[in-house]
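The next block holds one structure in the form of structure tokens; read it before the comments.
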Amino acid sequence: MFTIRVSDELKAACPIFAGAALYATVKNSAYNAGLWEEIDAFCRELQARSDLSSIKDQPVIAATRLAYKRCGKDPGRYRPSAEALRRRILRGIPLYQIDTLVDLINLVSLRTGYSIGGFDADKIAGTFLTLGIEAAGEPFEGIGRGVLNIEGLPVYRDSVGSIGTPTSDHERTKMDAGTTHILVLINGYNGKEGLEEAAQMIRELLRRYGESDGGSYFFY
């Protein structure tokens, strides 16, 4: 099991931060029709009740944007992933299909507003992670995005280096077809309220679509 420490600098910038970590044994697949029925249904619902101007008012997204500002990053340039997903749907652009594990995490992010990190647990170096604020200078290869400037972003680090931010996770620890163990990190920049519901949502989707018992989770 992993141990996660929140740095003093992150606590100072966002004193109400709370996180939930979920570890599970899984089996990935390229595509799951049942999951995509759920995704398509939610996207239609989102388009019917929301518009682009309302995204920043979603409480979890608003709290994440504020955390970016307090940490030193412009959320208009480097958007939290949940915000970027909602913007995509509300602009009429179909959600990209990656694989079942990534797709189900994206669905929970869309539903809840949380920016959620999903990692191949076996690719993480060591069992100790730190959540801090990136200073400067470290190359970060975002999944499908090339090298990103993550200075001023909240960032998780293992014993080798950075593995994930609320904008993008790192190529080094990404989930793929061979992933059998995952670590999911749910970032509550608005505090603890809602984290357990999001974790349970992920567990249920893993049971239905990831050939998993849903794993276990803890708060940090």
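The values are calculated or read from the model by the stated rules, or taken from the named source; none is laboratory data. The structure presented is a predicted model; accordingly, all values stated were derived computationally and were not measured. Cβ: placed from backbone, ideal geometry, glycine included. Neighbour counts: every protein chain shown. Only protein heavy atoms, including side chains, enter the accessible area calculation; ligands, DNA and RNA are left aside. Shrake-Rupley method; radii C 1.70, N 1.55, O 1.52, S 1.80 Å.
Give the accessible surface of region 126-186 per residue, rounded to a whole number of Å², with probe radius 1.4 Å and ligands, DNA and RNA excluded.
With the other protein chains kept in place, region 126-186 gives 38 Å² per residue.
Place the peptides 132-141, 177-186 in order of packing, highest mean first, counting for every residue the other Cβ atoms within 10 Å and averaging per peptide.
Peptide ranking by packing, descending: 177-186, 132-141.
Quick one: ranking VAL102, VAL147 by accessible area, 1.4 Å probe, largest first, what do you get?
VAL147, VAL102
Let me have the 222 nm mean residue ellipticity of the chain computed from DSSP H runs of 4+ only, each contributing -39500 (n - 2.57), with the sum over all residues rounded to the nearest 500.
Helix-only estimate at 222 nm: -10500 deg cm²/dmol.
In whole angstrom, how far apart do the alpha carbon centroids of region 1-51 and region 79-141 sit?
About 7 Å separates the Cα centre of region 1-51 from the one of region 79-141.
For region 1-158, just say rounded, prolate or oblate: build the C-alpha gyration tensor, square-root its eigenvalues into a ≥ b ≥ c, call rounded for a/c under 1.5, and beyond that prolate if a/b exceeds b/c, oblate if not.
Note, shape of region 1-158 comes out oblate.
Rounded if a/c is under 1.5, else prolate if a/b beats b/c, else oblate: with a ≥ b ≥ c from the C-alpha gyration tensor eigenvalues square-rooted, which is region 78-220?
Rounded.
Using a Cα-Cα cut-off of under 12 Å, which aspartates and glutamates could be cross-linked to LYS123, ignoring same-chain neighbours fewer than 8 residues away?
Those aspartates and glutamates meeting the cut-off are ASP158, GLU171, ASP176.
Spin-label point model (7 Å from Cα, Cβ direction): what's the ARG208 to GLN47 distance in nm?
Label-label distance for ARG208 and GLN47, simple model: 2.0 nm.
Please give every one of the lysines within straight-line cross-link reach of LYS192, meaning a C-alpha to C-alpha distance under 21 Å, and leave out same-chain neighbours fewer than 8 residues apart.
Counting by Cα, and skipping residues close in sequence, LYS192 has these lysines nearby: LYS11, LYS56, LYS69.
With charges set only on the Cβ (+1 for Lys and Arg, -1 for Asp and Glu), what does the dipole of region 102-160 come to about its Cα centre, in debye to the nearest 20?
Dipole size: approximately 180 debye.
For the chain, which span is the longest to avoid every loop-located (per DSSP) member of trypsin sites (Lys or Arg not before Pro) having at most 16 other Cβ atoms inside 10 Å?
Value returned for the longest uninterrupted segment is 92-144.
Would you please give the FRET efficiency between ILE93 and SER159, computed as 1/(1 + (r/R0)^6) with r the Cβ-Cβ distance and R0 = 35 Å, to the nearest 0.05?
E between ILE93 and SER159, to the nearest 0.05, is 0.40.
Which of rounded, prolate, oblate describes region 158-220, given a ≥ b ≥ c as roots of the alpha-carbon gyration tensor eigenvalues and a/c under 1.5 marking rounded, otherwise prolate only if a/b is larger than b/c?
oblate
Would you mind telling me the antiparallel percentage of the DSSP bridges in the chain, rounded to 5?
90
Roughly how many percent of the accessible protein surface of the chain is carbon and sulfur, given a 1.4 Å probe and a whole-percent answer?
50
What's the magnitude of the charge dipole for region 1-147 around its Cα centre, counting Lys and Arg as +1 and Asp and Glu as -1 at the beta-carbon? Answer in Debye, nearest 20.
In total the dipole reaches around 500 debye.
With charges only on Cβ, +1 for K and R and -1 for D and E, what is the dipole size of region 65-220 about its Cα centre, in debye, rounded to 20?
Rounded to the nearest 20 debye, it is 720 debye.
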